[in-house]
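Single-structure report; data block below.
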Amino acid sequence: VDAALVSAVGAEHVLTDPDLRAAAEVDWTGRWRGACRAVVRPGSTEEVAAVLRICADAGVPVVPQGGNTGLVGGSVPVGVPGAVVLSTRRLDALAPVDATGTVVAGAGATLAAVQRHARAAGWAFGLDWAARDSATVGGAVATNAGGLRVLRWGPARAQLVGAEAVLASGAVLSRVDGPVKDSTGYDLSGLLCGSEGTLGVLTRVRLRLVPPLPAERAVALVGVDGVPAATGLLAAARRALPGLAAAELVGAAALALALRLGLPAPLDAEWPAYVLLETAGAGALDDLTAALAEAPGVGDAVLAGDAADRARLWRYREEVTPAISAAGVPIKLDISVPADALPAAWEALPATVSALAPGAQVVLFGHLAESNLHVNMLSVPADREPAVVEAVLRLVAGAGGSISAEHGIGRAKARWLGLTRSAAELAAMRAVKAALDPAGLLNPGVLLAGS
Ligand code: FAD
Ligand code: 2HG
Ligand code: ZN
């Protein structure tokens, strides 16, 4: 197999040395560690197809990997003996932006590269989050990622016009050329979105770009006395600010961790929670000031109009994830609940965790507009982890929520997918998997437990 892989992609792109494989064998958080026979870095769709044919013939499992910033253990070869990690990082070509504002990007292009490319053509890319310099657009589509602009532009699925992917057999599906409107049968590109490397390897994606946000913008970090106040503030902001471009929520514990990285306290007093609002458009700072003066629930607020000050306020949100990792190796969940269930979930989550792991630290933050909470837990004893995760996910399912709102199921949550997906849905998913990857070689153990 190794010799065939070398002849397919070149010796310098088949990494078998343990030191060279190491970074691909552990996830961003350090929680998920595994081993692979080789990291293979094809440079074209044809080379991806050749690699998959070789692996299919030899019965070798394949773990697709983009920027390896995924947070559910789906991008690393854990519990998959003899696997090949197929890195997409060399598939980073960017075609010119077309007249309709779509662009075909290699799956290995980073978010930041697509953002720059779009900007140079007078457009913007609707996806953005803190891992922008490493996360790839292939990974974003594979996980149906969300981020900081979902309120305005939707998740990865909303940016996807079509995809090119190689199936486990080596067959290539290509829907990246031609018209943007298409009603011919099954939406295979849409099916690949959120498939987490279990149905095919995305090689190129055609993305719908968006108009750039107006340069005139304002950001506020608002201290609120709880989540009911935060949701009331959001409702008022949505009505008052047509240019609303972000609404994020940071709990007190999350802010306290970010401050440990050296950020100054943003407000005079501490608050149970903080809401970050951004609005864009002419008069943004005046409009945001006026909206906050009228809105309910504003305890205290700091506002910023110029770019450097806005970036300073964004750090209180974007530094939370690095700050958590600086404090330990967290358990990460990315749940969502119906909007009216958010305050109760916020209250119940810490108690649910402490009942099973009294010494645990629960850090809550997330995307307020979608009621999408990042439940990060530190200092949970290893033998309590499954019970704690299950309790949180059951609470969410009981509230009518989703066990993953943006990071995907991965290995971390595969055994609990049935909490929020019906038996009929699971059977349909397994049928699709069996049809496209009958030998179960693509990302075994991810998404569908036992796949
Ligand atoms: P990887 O981590 O390499 O892979 C993720 C999954 O996709 C794996 O299952 C992998 O097998 C599969 N995959 C990757 N590329 C392909 C491909 N070409 N074809 C088929 N399958 C593929 N996520 C959010 O949604 N919103 C956020 O706000 C957010 N913020 C983050 C902030 C930080 C600091 C970090 C570290 C992560 C954050 N993430 C966020 C998670 C992560 O960036 C996303 O899940 C992202 O989409 C992963 O992209 P990647 O290229 O790193 O993929
Ligand atoms: C974010 O919204 C990311 O910042 C990461 O989705 C969340 O660290 C996390 O749990
Ligand atoms: Zn998030």
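The values are calculated or read from the model by the stated rules, or taken from the named source; none is laboratory data. What you are looking at is a predicted structure, and each value in this text was computed from that prediction instead of being measured. With ideal geometry, Cβ positions are generated from the backbone for all residues, glycine too; neighbour counts draw on all protein chains shown. Note: areas computed on protein heavy atoms with side chains; ligands, DNA, RNA excluded. Shrake-Rupley method; radii C 1.70, N 1.55, O 1.52, S 1.80 Å.
Against the chain, whose longest principal axis is taken from its Cα atoms, helix 342-356 shows a tilt of about 70°. One Cα centroid belongs to the stretch 399-421, the other to the stretch 1-74; the line between them spans 26 Å.
Per residue, the solvent-accessible area of the chain (1.4 Å probe, heavy atoms of protein chains only, all protein chains present) comes to 39 Å². Rg over Rh for the chain works out to 0.97, using Cα positions for both radii and the Kirkwood form for Rh. Can you grab the distance from the C-alpha centre of the stretch 79-100 to the C-alpha centre of the stretch 112-154, Å, no decimals? After rounding, the separation between the Cα centres reads 15 Å. Compared with the dominant Cα axis of the chain, that is its longest principal axis, helix 111-120 is turned about 80°. For the chain, the relative contact order is 16 percent, taking Cα pairs closer than 8 Å that sit 6 or more residues apart in sequence and dividing their mean separation by the residue count.
Across the stretch 279-284, computed HN-Hα scalar couplings (Karplus, 6.51 cos²θ - 1.76 cosθ + 1.60, θ = phi - 60°) run 10, 10, x, 4, x, 4 Hz from first to last residue, x flagging Gly and Pro. Per-residue 3J(HN,Hα) values for the stretch 225-238, derived from phi via the Karplus relation 6.51 cos²θ - 1.76 cosθ + 1.60 with θ = phi - 60°, read 8, x, 6, x, 5, 5, 6, x, 4, 4, 4, 5, 5, 4 Hz in sequence order (x marks Gly and Pro).
Compute the acute angle (0 to 90°) between the alpha-carbon long axis of helix 385-398 and the principal axis of greatest extent of the alpha-carbon atoms of the chain; round to the nearest 10°. That helix lies at roughly 70 degrees to the long axis. With a 1.4 Å probe rolled over the protein heavy atoms of all chains, the accessible area of M377, M429 falls in the order M429, M377, largest first.
The trypsin sites (Lys or Arg not before Pro) of the stretch 145-195 that meet both conditions, a loop assignment by DSSP and at most 13 other Cβ atoms within 10 Å of the site Cβ, are K181.
Summarising the amide proton neighbourhood of A246: residues at separation of 5 or more, or on other chains, whose placed amide H is nearer than 5 Å comprise E278. If the reach is capped at under 22 angstrom between alpha carbons, list the lysines near K433, excluding any in the same chain fewer than eight residues apart. Counting by Cα, and skipping residues close in sequence, K433 has these lysines nearby: K413. The order of the peptides 330-336, 391-397, 268-274 by mean Cβ neighbours within 10 Å, most packed first, is 330-336, 391-397, 268-274. Residues in the stretch 287-299 carry Karplus couplings, in order, of 5, 5, 4, 5, 5, 5, 5, 8, 6, x, x, 7, x Hz; the curve used is 6.51 cos²θ - 1.76 cosθ + 1.60 with θ = phi - 60°, and Gly or Pro positions show x.
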